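The values are calculated or read from the model by the stated rules, or taken from the named source; none is laboratory data. Predicted, not measured: the structure shown is a model, and the values here were computed from it. Reconstructed Cβ throughout: ideal geometry from the backbone, glycine too, with neighbour counts over all protein chains shown. The accessibility values were calculated without ligands, DNA or RNA, using every heavy atom of the protein model including side chains. Shrake-Rupley method; radii C 1.70, N 1.55, O 1.52, S 1.80 Å.
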Amino acid sequence: MCNMTFEETSGDNSSERMESVAKALEEVLSSALPQGCTTVGVYEAAKSLNADPDNVVLCLLATDDEEDVALQIHFTLIQAFCCENDINILRVCNMQRLAEILGGGKAGGEPTDLHCVLVTNPQSSLWKDPALSKVTRFCRESRCLDQWVPLINLPDR
C-alpha cells in the first residue's frame, strides 16, 4: 500500500531526496563489499539470481551507453526476473563512480563488468542496515508511482 502525499513524491525536495538515496546506495555498497555480499557482472548475476533469488536484496543495472542492444536485452531479462521475485531494482548512472565504490572496477588489470551488481544478505544473519532500508523504501515508493526501475545518478566525489 502506498501512503504518500504529493509533496513527498515531487517538488523542491526531489533533488535532495535523490541525492540522499544516492548517498544511501553508496553506503549499502561500501558495507556489502567487505562482507562478500556483492555479485558483479551480468553473467555472474544471472547465475546468482538463478541459484538463490531469495538471498538477493537489491539489483543495480548500470550503463553510460544506452546503444548496446545486447546489454539492453540482458537488462530486460534481469528486470523481469527481479520483478517476478520481488527484488528491488535500480538503474545507476555514472559507471566511473560505481567502479570507485566497488574498488576500482578492475580484476587482475582487466576491466570488470559493472553493468549488473547484486547485493545479497550475509549468510550469518538478516542484514539490518538503515541505508539499505532507505534504498528499499525509495524503490517501493517508486513502484507506487509506476516507476518500476528508478534511475539514480551517483554523484562524483
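Summing Cβ point charges (Lys, Arg +1; Asp, Glu -1) relative to the Cα centre of region 36-153 gives a dipole of roughly 500 debye. Summarising the label geometry, the points placed 7 Å from Cα in the beta-carbon direction at Ile73 and Asp129 lie 3.3 nm from one another. FRET efficiency for the Ser30 to Asp52 pair, using the beta carbon distance and R₀ = 30 Å, is estimated at 0.85.
At the residue level, Thr136 shows approximately 40 square angstrom of accessible surface with a 1.4 angstrom probe and all protein chains present. Hey, with R₀ at 25 Å, roughly what FRET efficiency would Tyr43 and Arg143 work out to, going by the Cβ-Cβ distance, to 0.05? Once rounded, the FRET efficiency stands at 0.40.
Taking 0.36 nm per residue of separation and subtracting the current Cα-Cα distance, fully stretching the chain between Cys93 and Ser20 would add 24.8 nm.
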